[in-house]
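The values are calculated or read from the model by the stated rules, or taken from the named source; none is laboratory data. A quick note: this is a predicted structure, and the numbers were derived from the prediction, not measured. No Cβ is skipped: glycine too gets one built from the backbone with ideal geometry, and neighbour counts run over all protein chains shown. Only protein heavy atoms, including side chains, enter the accessible area calculation; ligands, DNA and RNA are left aside. Shrake-Rupley method; radii C 1.70, N 1.55, O 1.52, S 1.80 Å.
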Amino acid sequence: KVNMRSRYPKQISFIKEDNDELKVEYKNDVFEDVLKRAGSRPIIFISCLGRYQQGKTTINSGISGNLGYVVGNGNKETTKGVYIDGPYDINYLYQRFNISMREYFNGSELLTPLIYFFDIEGYDGIMHGDDLERNNKAFIEMCTPFLCLSSIFILLSEPNANVQEINNFIDRVKV
């Protein structure tokens, strides 16, 4: 079993109320500091999306093995904003899940990708008020830059989701 030291993901974006308007704030300095950990190695970003209280943070914690995430109780919205966690050497994740990979990176650590996880607050919540259209507009503005960086997406749908529900999600996040 592969273990790692737990650390707390860093908040890099959030929604705040300003004179009855929802505004998005980005913590560019925090984002840059976390990215500097990668040095000159290639980066893969993974985003986990879904409605509030569906287990996005639990999924990120489970995949990464990082117990430093603040996980909700299934009732109340917990993650506020966008958090970044990483980097994780891809070989650590291979070992963690007992995946035998042939050598893709010519044995060079500098070519081996590092993984960062974006933990994004859930959509359709009411933590920013009762106006879901207003909330979802701010949500889209907040997470779009991070979704654009991500090459891997994990979408947590409702149990027994149908195609229409997934299409509804796609309609919500169109920019």
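How high is the FRET efficiency between Leu93 and Arg51 when r is their beta carbon distance and R₀ equals 35 Å, given to the nearest 0.05?
Computed FRET efficiency for Leu93 and Arg51: 0.85.
Collect residues whose amide H, placed 1.01 Å from N in the peptide plane, falls under 5 Å from the amide H of Leu49; neighbours closer than 5 in sequence don't count.
Ile154, Leu155, Leu156
Just the Cα atoms of the range 13-89: what Rg and Dmax do they give in Å?
For the range 13-89, the Cα radius of gyration and maximum Cα-Cα distance read 14.4, 43 Å.
May I ask you to derive the FRET efficiency for Ala38 and Ile170 from their Cβ-Cβ distance with R0 = 30 Å, giving the value to the nearest 0.05?
Values: r = 30 Å, r/R0 = 1.01.
After rounding, the FRET efficiency stands at 0.50.
When the C-alpha atoms of the range 20-63 are aligned to their principal axes, what extent does each axis show, in angstrom, from largest down?
38, 33, 12
How large a share of the accessible area of the range 30-86, in percent, is made up of carbon and sulfur atoms when the probe is 1.4 Å and the other protein chains stay in place?
Its accessible area is 53 percent carbon and sulfur atoms.
For a Förster distance of 25 Å, can you work out the FRET efficiency between the beta-carbons of Leu155 and Thr58, rounded to the nearest 0.05?
Working: r = 15 Å, r/R0 = 0.60.
Rounded to the nearest 0.05, the efficiency is 0.95.
With every protein chain left in place and a probe of 1.4 Å, what is the accessible surface of Ile154, to the nearest 10 Å²?
Surface accessible to solvent at Ile154 totals approximately 40 Å².
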